[in-house]
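What follows is one structure encoded as structure tokens, with my remarks underneath.
The values are calculated or read from the model by the stated rules, or taken from the named source; none is laboratory data. Bear in mind the structure is a predicted one, so any value in this text is a computation, not a measurement. Here the Cβ is made from the backbone with ideal geometry for all residues, glycine too, and neighbour counts use every protein chain on show.
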Amino acid sequence: MLTHIQIRDFVIIDALELELGAGLTVLTGETGAGKSILVDALLLASGGRAGAEVVRHGAERAEVTATFGIKGNDAAQAWFKEQEIDCEDECVLRRIVTSDGRSRAYVNGQSLAIQALRQLAETLVDIHGQMEYQSLMKRSAQRELLDQHGAHESLTTAVRDTWRELKALRDAQSQALAASQDRAAKLELLNYHVAELTGLDLKPTEVVDLTSERQRVAQSGRLAQGIHEVLQAVRDAEDGAADHALTRALTVTRQLATIDTRLNEVAQSLDESLIALREAADAATRYEADLEVDPIRQEWLEQRLAAIENVARKHRVETAMLPALLQNLTAELTHLQDLTVTLKGMEAEVHKASQRYLAAAEQLSNARGKTATSLAERVTALMQGLGMPGGKFSVALTAKSPDQGTEHGLDDVEFMVSANPGQPPQPLAKTASGGELSRISLSVQVAAVESLRQPCLVFDEVDAGIGGGVAEIVGRQLRALGSAALGSATLGNATRRGMNRGGAQVLCVTHLPQVASQAHAHVRVTKLTDGKTTRTSLHPLTDDERIEEIARMLGGVEITGKAREHAVEMLKSSAGEERKKAKKK
């Protein structure tokens, strides 16, 4: 429910704030006073299009802030959860448009894209105006309204769930079928690759080991020369060998240690060094003996590495990746070999899921057919009472083939209307004029009042082109919508207390006293000017002020006593009708 709206520098509004409650609230005023500006501002806050023209002349930017209570509004709460935005029992929509035409949108202080703002606004408010921003024109909204009117929630849920299950199975089946194409050729190729890799029998570290060995063989000459030099320096050189030098140094040190025992530590170190040197010399000698190249081994080594590298190039992978490649190809081969059995099982599962979906969709279609009849009869009756004698409303249900089903079922839903006698029904979006569409929309909303989705309904000039008794009926229907939200049939202070309760609300811009007299709350729109600037103000009316305003609407410029008496009578009559309805309930 819209609880508060604040407008700054919007068109001819400089600064304005308005508190709103549940029930029917009407906005009235002189022609040209700007009664629809509040609706336009609400449109802007809800994500409507806007340019620099909405900014008041001389101002830098226009700003509209709308606060909605969302306690019990599951759709709005779900939106906030999906967007991961914190909220409690209210949300604040804020829209700013600068003088250069740029705009920004905020929800609870967080900047959002306009599309996201519109998605949220669809759960909060439904604005019915002259062919602008009306959800009733959308086929999807028509289908949802039909399902809401028929309380089809359990059926639509069953259809949606079975369709999603069927779609998931069909997607998996399509992937399996795609994989099964040219199955014989794929099997032959996979068998060849797996056999080749299996025959290669590559060990995990074999490539590293063989590559290292090949490098040693290739450098065997250099290695032999180098190790010979090492052995010469360590042991084989006459007089200049390290072994000979260390031995001599150790002998001298031990002799000197008999004179000074402190040299024992030096002697010990030399002794350990000599032992280590001789061990290194022995290791070098063994290494030199092993350096002899075996031509047969060398040939095998080159052939083995060439075979490994050839297979790796064929598969465009590193040689180290060949064991993992064998594992993957083996798994793919097994899957392809089992694919025939898998496809048969999938086909059976898809058939079962299809039968479940068709059964659920058929139940929903049958329920929609019954609901369409009752909704059409109710809306037709309301239309004929709203200045459209001979008008007819119907709901066209077009069955789809099973393979065209969606998560919404097997029906195309479209509202059809014949606004005048003798005219065949045509799609609502193509036939109705602005005033007719407003009244048809009102009829549909009244018919579906028990399943209202949006907590706030706005009607702009819903009474265009009507008057007299029809205007009074329109007013009663609007009041009925608001009374359903109020949950109270009492008047005066009791009704005002009821306006603070949760639920839907109805806002209506009107120029007819018959409609204004039916309201639970009344706001007068006034245009003020000092000769230089013009601005619009909104003023919530007291009971006495309401009498004066309705008398003005009845009598024109000069308000007579009879006009006031008539206004009082109209207000009493609207309250009396509500009491009668409450007693019947």
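Remark: residue 286 falls outside the filter, which requires a residue to be of a type in the set (Lys, Arg), assigned by TED's automatic domain parsing to the domain that holds residue 232 and in contact with a helix residue (DSSP H, G or I) (Cβ under 9 Å, 6 or more places away or on another chain).
Matching residues to (1) over 29 Å from residue 546 (Cα atoms); (2) small (Gly, Ala, Ser); (3) in contact (Cβ under 8 Å) with a residue 60 or more places away in the chain; (4) touching a Phe, Trp or Tyr at 6+ places or on another chain (Cβ under 8 Å):
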residue	(1), (2), (3), (4)
14	no, no, yes, no
26	no, no, yes, no
43	no, no, yes, yes
48	yes, yes, yes, yes
51	yes, yes, no, no
54	yes, no, no, yes
59	yes, yes, no, no
64	no, no, no, yes
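When residue 360 is tested against (1) outside any helix (DSSP H, G or I); (2) surrounded by 15 or more Cβ atoms within 10 Å (Cβ to Cβ), exactly one condition is not met: (1). Taken over region 426-450, residues that are crowded, with 17+ Cβ neighbours inside 10 Å, modelled with pLDDT under 70 and either within 16 Å of residue 375 (Cβ to Cβ) or touching a Leu at 6+ places or on another chain (Cβ under 8 Å) (or both) amount to 3. Counting the residues of region 528-576 that are under 47 Å from the mean Cα position of the chain (by Cα) and under 30 Å from residue 8 (Cβ atoms) gives 14.
Among the residues of region 235-260, those identified as under 15 Å from residue 280 (Cα atoms), crowded, with 17+ Cβ neighbours inside 10 Å and either at pLDDT below 80 or among the polar types (S, T, N, Q) (or both) are 235, 241. Report yes if some residue within region 300-307 is within 30 Å of residue 205 (Cβ to Cβ) and exposed (fewer than 11 other Cβ atoms within 10 Å of the Cβ); otherwise report no. Checking region 300-307: at least one residue is within 30 Å of residue 205 (Cβ to Cβ) and exposed (fewer than 11 other Cβ atoms within 10 Å of the Cβ). Applying the set (1) assigned by TED's automatic domain parsing to the domain that holds residue 206; (2) at pLDDT below 85; (3) not basic (Lys, Arg) to residue 318 leaves exactly one unmet item: (2). Looking across region 7-47 at every residue that is among the acidic types (Asp, Glu) and under 23 Å from residue 542 (Cα atoms), the one that is modelled with the lowest pLDDT is identified as 30. Quick check on region 117-135. Is at least one of its residues of a type in the set (A, V, I, L, M, F, W, C), in contact (Cβ under 8 Å) with a residue 12 or more places away in the chain and in a strand (DSSP E or B)? Taking every residue of region 117-135 in turn, at least one turns out to be of a type in the set (A, V, I, L, M, F, W, C), in contact (Cβ under 8 Å) with a residue 12 or more places away in the chain and in a strand (DSSP E or B). When residues in region 97-116 are screened for being in contact (Cβ under 8 Å) with a residue 60 or more places away in the chain and under 21 Å from residue 39 (Cβ atoms), 1 of them pass.
Quick grid of which residues meet (1) closer than 29 Å to residue 529 by Cα; (2) in a strand (DSSP E or B); (3) under 31 Å from the mean Cα position of the chain (by Cα):
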{"residue": "16", "(1), (2), (3)": "yes, yes, no"}
{"residue": "27", "(1), (2), (3)": "yes, yes, no"}
{"residue": "33", "(1), (2), (3)": "yes, no, no"}
{"residue": "48", "(1), (2), (3)": "yes, no, yes"}
{"residue": "68", "(1), (2), (3)": "no, yes, yes"}
{"residue": "88", "(1), (2), (3)": "no, no, yes"}
{"residue": "95", "(1), (2), (3)": "yes, yes, yes"}
{"residue": "104", "(1), (2), (3)": "no, yes, yes"}
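Screening the candidates 255, 225, 303, 268 for the property of being within 30 Å of residue 190 (Cα to Cα) and among the polar types (S, T, N, Q) yields one hit, 303. Of everything in region 369-422 that is in contact (Cβ under 8 Å) with a residue 12 or more places away in the chain and among the charged types (D, E, K, R), the residue that is surrounded by the fewest Cβ atoms within 10 Å (Cβ to Cβ) is 370. Any residue that is among the hydroxyl-bearing types (Ser, Thr, Tyr), part of a helix (DSSP H, G or I), touching a Ser or Thr at 6+ places or on another chain (Cβ under 7 Å) and surrounded by 13 or more Cβ atoms within 10 Å (Cβ to Cβ) - is there at least one of those in region 269-286? No: region 269-286 contains no residue that is among the hydroxyl-bearing types (Ser, Thr, Tyr), part of a helix (DSSP H, G or I), touching a Ser or Thr at 6+ places or on another chain (Cβ under 7 Å) and surrounded by 13 or more Cβ atoms within 10 Å (Cβ to Cβ).
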